[in-house]
Amino acid sequence: MKAQLLAIAVSALLCLPASAKGVFTPKVDLKRCMVGNQAGLLKVLSLQRKVLFTRGIDDRDQARMDEGSRASLLGALNIEPDQYAGVAALLMSDFNKLPRKEAVAVLSAIAASPDFPNRDQVESFLVKVMKTSNDIYARRQAVLGLAVLPKVKSDTVAAVVARYETCQNLWETFPIQQFFEYHAAEVKGETDYAQVRTRLGAVKSLYTPSVLGYLEP
């Protein structure tokens, strides 16, 4: 899969105008990202650590971006809309070599764009990070990334439910509230909705009442 992602990234970058090639350098530019635990990608700094663009404070109400903020934040990282697919593939293929929380935040911002064509691939990658990464910051950011996607697959809902059932760390599972808040309509429309709600209700967590509240029939 890594070879496939790298091939996609190289192909997409080769199609860019010569003036744009090689501008975004993950190992350098991800260090310019300021990432909030509740809101994801919040601001981008210059190499001189001056703020180029900011969306505000780290608040869960800021998690979902409008298109103007998305374009401005990613543009400050030298990522233009026609580069989204190539950059996303590059971030996934080189993930273990990069600042992970920042990579997840940028990847999530890209994948949440309504017109992004490779969302299923990114969604599967975020699920994998949530389930297997040894970096708690990346795992939490992956849950937040799944929350802000325009829509998610039923397999993703099942994976988030399983994570909520097995993870005892309240800090890590906090964004699961956002996941079920933003995807409530989808979850309630699935045939296994009652089973999902029953499983969630059985989790002994401070967040269970709010999660169930979002899933009221």
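Values for this structure:
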read-out: For segment 61-123: Kirkwood Rh in Å [reciprocal of mean 1/r, alpha carbons]; value: 11.9
read-out: Accessible surface of segment 170-217 [probe 1.4 Å, protein heavy atoms]: carbon and sulfur percent; value: 58
read-out: Expected 222 nm ellipticity per residue - DSSP helices of 4 or more, -39500 (n - 2.57), all of the chain, to 500; value: -16000 deg cm²/dmol
read-out: Per-residue SASA entry for Glu216, accessible area with 1.4 Å probe, Å² rounded to 10; value: 100
read-out: Sites Ser154 and Lys50, calculated FRET efficiency, Cβ-Cβ separation with R0 35 Å, nearest 0.05; value: 0.20
read-out: Ordering of 54-66, 187-199, 99-111 by packing [mean C-beta count within 10 Å, highest first]; value: 99-111, 54-66, 187-199
read-out: Cα long-axis angle, helix 154-166 against the chain (0 to 90 degrees, to the nearest 10); value: 70
read-out: Straight-distance crosslink candidates among lysines, where the alpha carbon sits under 30 Å from Lys31 and sequence neighbours closer than 8 are dropped; value: Lys2, Lys21, Lys43, Lys50, Lys97, Lys101, Lys128, Lys131, Lys151
read-out: Percent accessible area from carbon and sulfur atoms, segment 18-98, protein chains only, probe 1.4 Å; value: 51
read-out: Globularity index of segment 76-163, i.e. its alpha-carbon radius of gyration over 2.2 N^0.38 Å; value: 1.00
read-out: The chain - accessible surface per residue (Å², probe 1.4 Å); value: 47
read-out: Cβ-defined net charge surrounding Lys50, 12 Å radius [Lys, Arg +1; Asp, Glu -1]; value: +3
read-out: Span from the segment 127-162 Cα centroid across to the segment 63-125 one, whole angstrom; value: 15
read-out: Size of the chain as Cα extents on the principal axes (Å, biggest first); value: 54, 35, 31
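The values are calculated or read from the model by the stated rules, or taken from the named source; none is laboratory data. Nothing here was measured: the structure is a model prediction, and the numbers come from that model. Note: ideal-geometry Cβ built from the backbone for every residue, glycine included; neighbour counts use all protein chains shown. Remember, those area values only see protein heavy atoms, side chains included, never the ligands or the DNA or RNA. Shrake-Rupley method; radii C 1.70, N 1.55, O 1.52, S 1.80 Å.
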